[in-house]
Amino acid sequence: MDESTDQTVIMPPEKGLVLEQRGDWLRAPADDPVAQYIAARIWGDPQLPAEWEVARLSSAVLIYRETTTGRSVIAKFYAAKSSRAEKYAEREFRLNGEAREAGLAAGDVRAVEPLGMWRGVLFLEYVEGLTLADVIAVRRSRPGTLLPALEHSAELLARLHGGAPRPDEPVDFGAQVDYANKIVDTLTTYGVLQDDPLVRDGLLRLVDRWGANPAMRAYTPALTHGDATTTNFVFPPDGGIVGIDWERAKMVDPAADLGRLMAEVAHSILQNGGTVAEAMSMLAVVEEAYCAALDPALDACPLAERARFYQAVSTLRIARNGWLSRLARTALVTQAMAILA
């Protein structure tokens, strides 16, 4: 395909015409430009693909599957997410590659492989398996699966952080404090803290106290995932773990990833019938596994302490979700205050 003459970004098929439901498969048209590009630039096999079928993962992400071999490729359409599709597709491609260069290129603990990009579409290896959210949801019917999954997730982050420290990057904890204050303002203006100035003021004082602590600035920036949620860790059937969705990766305090993961794990456990006691015991597993896998040159104890701040902020971030009940959102605010206190 001629990439030099036409740089028009590619939009995903409209929902009403193709793949109305997530997971439905439909035969791709013979003239589908994305399927043609995969065959021409990514396939890499003398035996050309026979036919493609496609399924929707989200409004911006499709799976293309070759019908004879079953080989699949993810196509992420940035034009559905941004007017600057090519720039952001290129950014995620680069960041994904940096994560692999930081120690996640191969083995049982790795980042998904980026395959290419074209006209605002990012092509990625398709990884079949359960996400960490899935493992938490089925933990009772599949005993013995959750602890290894949590340990692998923590190990992936520890390897990433140990493999890409950047001492020349500026330390900017003030931006994290501003973000925390912004979340509290949002909860006050639109969320569960409306008409509750007492809790709002208490949260702001706690955030300011952490912001004034010099220890929160005593870190070396490293490449972080930036979106360490339970949906971005995938466990293939043959074992190991693959980190996906690197579009928010950035150079900041590595404790931010650990704190985000801990908040998301705790929330997922509570959402799936667990108790606070169970969540706390699982968070202890995450922290222990992370510290054990971290490069010995990095001091795990201060990092784990800083992670408390990010865990609390991520918990407040979850409390913004309007689809949660008011009781659940209030409980999340209470948990965040307890973590910060």
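The values are calculated or read from the model by the stated rules, or taken from the named source; none is laboratory data. As the structure is a prediction and not an experimental result, all values here were calculated from the model. So basically every Cβ, Gly included, is an ideal-geometry build from the backbone, and we count neighbours across all protein chains shown.
From the set of residues in region 61-80 that are among the basic types (Lys, Arg) and farther than 30 Å from ALA158 by Cβ, which is surrounded by the fewest Cβ atoms within 10 Å (Cβ to Cβ)?
Of everything passing the filter in region 61-80, ARG71 is surrounded by the fewest Cβ atoms within 10 Å (Cβ to Cβ).
Scan region 99-125 for residues that are under 19 Å from ASP227 (Cα atoms) and crowded, with 18+ Cβ neighbours inside 10 Å and jot them down.
Of everything in region 99-125, those that are under 19 Å from ASP227 (Cα atoms) and crowded, with 18+ Cβ neighbours inside 10 Å turn out to be ALA99, ARG100, ALA102, GLY103, LEU104, VAL109, ARG110, ALA111, VAL112, PRO114, LEU122, LEU124.
Mind listing whichever residues of region 209-228 are in contact with a helix residue (DSSP H, G or I) (Cβ under 9 Å, 6 or more places away or on another chain), part of a loop (DSSP other than H, G, I, E, B) and touching a residue at least 40 places away in the same chain (Cβ under 8 Å)?
Across region 209-228, the qualifying residues are ALA218, TYR219, HIS225, ALA228.
Quick one: would you say LEU132 is touching a Phe, Trp or Tyr at 6+ places or on another chain (Cβ under 9 Å) and surrounded by 19 or more Cβ atoms within 10 Å (Cβ to Cβ)?
The answer is yes for LEU132.
Every residue in region 61-106 that is touching a Gly at 6+ places or on another chain (Cβ under 8 Å) and in a strand (DSSP E or B), please.
PHE77
For GLY144, work out the one condition from (1) outside any helix (DSSP H, G or I); (2) at pLDDT 95 or above; (3) surrounded by 12 or more Cβ atoms within 10 Å (Cβ to Cβ) it doesn't fulfil.
Failing condition for GLY144: (3).
Of all residues in region 308-330, which are among the small types (Gly, Ala, Ser) and assigned to a helix (DSSP H, G or I)?
ALA312, SER314, ALA319, ALA328
Report the residue count in region 156-188 for those that are of a type in the set (Val, Ile, Thr) and either touching a Cys at 6+ places or on another chain (Cβ under 9 Å) or not in a helix (DSSP H, G or I) (or both).
1
Hey, among the residues in region 31-60 that are in contact with a Leu (Cβ under 9 Å, 6 or more places away or on another chain) and assigned to a strand (DSSP E or B), which one's surrounded by the most Cβ atoms within 10 Å (Cβ to Cβ)?
VAL54
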